[in-house]
Amino acid sequence: MKLTIQVNEGPYQHQASDSAYWFTKTALEKGHEIFRVFFYHDGVNNGTRLTTPPQDDRNIVKRWSELGEQHSLDLVVCVAAAQRRGVVDEGEAKRNGKDATNIAPGFRISGLGQLVEGAIQSDRLVVFGD
Amino acid sequence: MSETKKFMYVNRKAPYGTIYAWESLEVVLIGAAFEQDVSVAFIDDGVFQLTKDQDTKEAGMKNFSPTYSALGDYEIKKIYVEKESLEERGLSLDDLQHLTWEDEDEDYAEKDLIQLVTRAEMADILAGQDVLFNF
């Protein structure tokens, strides 16, 4: 089955990101196709490489980056939500006159159209969050 | 992308306590460009999103409620509001904005956008969708 995953909550604050990660990982292991993982609302905070959790805890951001690299996942952070919350790549930094970037490896920033396209192209849209 | 799916945006939360309502509306507006069979539902505290005369000045937040009146221009013809959700909150249809769309097949006749449906009817409508965006 072809799936698009939507993550609506930030890391650590809420289990949604953990659940989405395990769901995505398991779906891939079972042979399903992940068309895209779309991070929306506070979910965009899953895509900042500046995250530094205590060493004895899981690193949620790194975990997404690694899963993304292993499976060539399309990890998309919503641009409008990212601008509000300060998740920035080089293009956005230039466009908005910011002096730094923090997007994590394997993530890209793009528009809400990517979410809608994911819902059209996939057999199921699976949403994690409140 | 020729395939048309039945898309429903389900709004379940009050408008200003969290950002879900506003960012849901942003998806609805962007999604309109994809020419799917779109409807929007308001249930639970989500019915507060459509109340008229919202004033956010004291809260220091942007009042985005006027945007709902543009939904008809975005080719959205179906908004479902759950009757029980309204009643449980002491609200009626009169407390909501009067939203309309223009039917170009009937000489641009102005039609009501909001349809009041019961909880049981809403369940059937939800079950009939291809994609649920849940906010």
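Yes or no: A:D123 surrounded by fewer than 20 Cβ atoms within 10 Å (Cβ to Cβ), touching a residue at least 12 places away in the same chain (Cβ under 8 Å) and either within 14 Å of chain B (Cβ to nearest Cβ) or farther than 23 Å from A:K62 by Cβ (or both)? For A:D123, the condition - surrounded by fewer than 20 Cβ atoms within 10 Å (Cβ to Cβ), touching a residue at least 12 places away in the same chain (Cβ under 8 Å) and either within 14 Å of chain B (Cβ to nearest Cβ) or farther than 23 Å from A:K62 by Cβ (or both) - is met. Pairs meeting the criteria (first residue in region B:71-91 and under 14 Å from B:F48 (Cα atoms), second residue aromatic (F, W, Y) and modelled with pLDDT under 95, beta carbons under 9 Å, at least 6 apart or on different chains) are lacking. In the set (1) farther than 22 Å from B:F135 by Cα; (2) among the β-branched types (V, I, T); (3) touching a strand residue (DSSP E or B) at 6+ places or on another chain (Cβ under 9 Å), A:I60 fails one condition alone, (3).
If you check B:V117, B:V131 for being under 27 Å from A:N8 (Cβ atoms), modelled with pLDDT of 95 or more and buried (at least 19 other Cβ atoms within 10 Å of the Cβ), only one passes: B:V131. Put simply, of B:D105, B:D94 the only residue that is assigned to a helix (DSSP H, G or I), at pLDDT below 95 and away from chain A (no Cβ under 11 Å) is B:D105.
For B:F7, the stated conditions do not hold, so it cannot be described as surrounded by fewer than 19 Cβ atoms within 10 Å (Cβ to Cβ), within 13 Å of B:E75 (Cβ to Cβ) and in contact with a helix residue (DSSP H, G or I) (Cβ under 9 Å, 6 or more places away or on another chain).
When the residues of region B:1-35 are filtered to those that are in contact (Cβ under 8 Å) with a residue 60 or more places away in the chain and among the hydroxyl-bearing types (S, T, Y), which remaining residue is nearest to B:L132 (Cα to Cα)? Result: B:Y9. Counting only helices (runs of 4 or more DSSP H) that sit wholly inside region A:1-115, those with at least 1 residues that are without any contact (Cβ under 8 Å) to a residue 40 or more places away in the chain and within 14 Å of another protein chain (Cβ to nearest Cβ) are A:79-85.
The values are calculated or read from the model by the stated rules, or taken from the named source; none is laboratory data. All values derive from a computational prediction rather than experimental measurement. Methodologically, a virtual Cβ is constructed for each residue, glycine included, from the backbone with ideal geometry; neighbour enumeration extends over all protein chains shown.
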